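See below for the structure under consideration.
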């Protein structure tokens, strides 16, 4: 019985419930992109380092606490309700403070307002960051095998779409009003509108049947799996996976996470803050256009290329394109169009690297602690991001800044090359096999 239910999840045809699942994931990642962009976009107006560091600390906390609660107590659906409450309250606080500042003329840098604004952003970031590992786990556990990898690439790409929309909103409002308060109000309203749609969708979702089975709640799992439909499609599954211990899988994920997470954040959000403050919003927009387009390309291609080859291509491409930026960084002030072009290309490979992460993280970690372990993988890049942002603020040379990013890309390239020879592909592989829940000898 234990394997009959997951087998049905893998082989069931796409249904209306799957469409709701995809909509829920896409909207959730959109909220992540929108809310996590607020602090970097407003930093030039506030110019207070803690305003940047506090959300990073909240990111670290959210990635540990909520995934642990999801794995151990609440499951996937109830955790979503908690995290939505967190960033709903945070968005309301941000909107209220923006209205207060606009009506009273109180500047955002006024200490009580700045502290309350930071708290609102921290609550928002806690919620959206806390549900990222849960969303990845939910998608891996509930999507049919034929479309699973595409969903694991497509849905997280809406993080970039959210960041792109947020930066576009700020570009438009800045051109019209040139007011940080109006920018903040527009961003918070965007987040609240997205949240309203998300609540409607998530109330209709089933719980993860694999999580229910892990908790021994077989009857509940049998009930929930019927919501996915009854039409079954036969598949050519891959159940031959090279044996690899959990620690080896974990450190591979940590290495590529450090490489992709830090380079995306530093090049998309912070290089403008530190070296091109007048162009910061445009740089964020350009970077996320490149990433967003690449995400849709990756979703279309992922079923046609083996995951190990895709990983190697992504991180080698990122390393080559960052070398192009490094070679030209000292002349970009005279040719920003060249920088924008190279940045878009580099961010496209960053999105491919993000796709590698969103496929491998939930698929090679065990169900019992899947969300928590995904969060634990993210502890390293988040912690290093905090340190990197702090020390990068003291770098006077854009060349040194990009050189640091080059080293980070090289780390991902080395890790993906190692995995190419010692790891395994996860294409069309049931999660029970790729995660090591069921050990079956074989090679890929």
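What follows is calculated from the coordinates using simple rules that are stated; it is not laboratory data. Every value quoted in this text rests on a predicted model; they were computed, and no experiment measured them. Don't worry about glycine lacking a Cβ; one is built from the backbone with ideal geometry, like all the others, and counts go over all protein chains shown.
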**Request:** Using only alpha carbon pairs under 8 Å that are at least six residues apart, calculate the relative contact order of the stretch 4-434 and give it in whole percent.
**Result:** 26
**Item:** Crossing angle, helix 145-154 versus the chain [Cα axis fit, 0-90 degrees, rounded to tens]
**Value:** 10
**Asked** So what is the calculated 222 nm ellipticity per residue for the chain, using -39500 (n - 2.57) for each DSSP H run with n of 4 or more, over all residues, to the nearest 500 deg cm²/dmol?
**Response** -26000 deg cm²/dmol
**Request:** With everything on Cα atoms, drop me the angle between helix 75-104 and the longest principal axis of the chain, reported from 0 to 90° to the nearest 10.
**Result:** 10
**Fill in**
Note to self: C-alpha centroids of the stretch 283-321 and the stretch 344-419 sit apart, in Å, by 14
**Request:** Within 10 Å, count the other beta carbons around each residue, average over each peptide in 418-430, 205-217, and list them highest first.
**Result:** 205-217, 418-430
**Prompt:** Once the piece of chain linking residue 239 and residue 297 is laid out straight, how much longer is it, given 0.36 nm per residue of separation minus the C-alpha distance between them?
**Reply:** 18.2 nm
**Request:** Specify the inter-centroid distance of the stretch 166-223 and the stretch 58-124, based on alpha-carbon positions, in whole Å.
**Result:** 13
**Request:** Would you kindly give the portion of the calculated P(r) for the chain that falls above 42 Å, as a percent of all Cα pairs?
**Result:** 12
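May I ask you to order 403-416, 92-105 by the average number of other C-beta atoms within 10 Å around their residues, highest value first?
Result, highest mean first: 403-416, 92-105.
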**Asked** Can you give the angle from 0 to 90° between the axis of helix 307-328 and the longest principal axis of the chain, with both taken from C-alpha atoms, to the nearest 10?
**Response** 10
**Asked** How large are Rg and Dmax for the stretch 397-442 when only the alpha carbon atoms are used, in Å?
**Response** 16.9, 52
**Message:** Sorting check: for 354-365, 58-69, which peptide has the highest mean count of neighbouring beta carbons within 10 Å, and how do the rest follow?
**Reply:** 354-365, 58-69
**Request:** Please work out how much length the chain gains when fully extended from residue 19 to residue 96, using 0.36 nm per residue of separation minus the C-alpha to C-alpha distance, in nm with one decimal.
**Result:** 24.3 nm
